[in-house]
Structures are given as structure tokens and as C-alpha cells.
């Protein structure tokens, strides 16, 4: 069963690579902000899968929830900042 979770983790890491590319090569600030949110979501899933791989989901799910809260707060803060200071399209 661990092999399934390991395969899932590898797929999530591969999907995150596309997000990292969009962070670096995004055309606008909004593209980059969305990519950061997507990579953060992938990190949450990766933390949960790591918990199942090591057969300690209770510890890693707590970490994933804490990271999800941080990801949400960062998205709200970035949205508030961009609302007050509109970004120029690059």
C-alpha cells in the first residue's frame, strides 16, 4: 500500500514542477500568485501523503492543516495588498 502513496507523492511533485515554472515565467503578478497558491496546495497534499507513507498520518495531517492555514492567510494578505497597490502587467 505504501507504493501507491509513493507513486501519488511522485505525481504531486511532478505537477508542482509546472507550478514552479509558472512562478518563474509567469506573465503577470496574478499568474505568479495563482501558481504560488497551487504549489502550496500541492505541498499540503504532499505532507498528507508523506504521513501515510511513514504510517503516521496523525502527525503529518496536523502539519498539513497548519500549512493550509498559512497558505490561506498568505493568499488573503496578497489579495489585500494587490487591491490597495494594483500591479502593473509585466
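For residue 54, the stated conditions do not hold, so it cannot be described as more than 13 Å from the chain's Cα centre (by Cα) and buried (at least 16 other Cβ atoms within 10 Å of the Cβ).
Looking across segment 14-30, just one residue is assigned to a helix (DSSP H, G or I), surrounded by 15 or more Cβ atoms within 10 Å (Cβ to Cβ) and at pLDDT below 90, and that is 29. When each of 34, 7, 69, 49 is tested for being over 12 Å from the mean Cα position of the chain (by Cα), surrounded by fewer than 17 Cβ atoms within 10 Å (Cβ to Cβ) and either part of a helix (DSSP H, G or I) or touching a residue at least 40 places away in the same chain (Cβ under 8 Å) (or both), the lone residue that passes is 7.
The values are calculated or read from the model by the stated rules, or taken from the named source; none is laboratory data. Treat the numbers as computed from the prediction; the structure is a model and nothing was measured. As a convention, Cβ positions derive from the backbone with ideal geometry for all residues, glycine included, and neighbour counts pool all protein chains shown.
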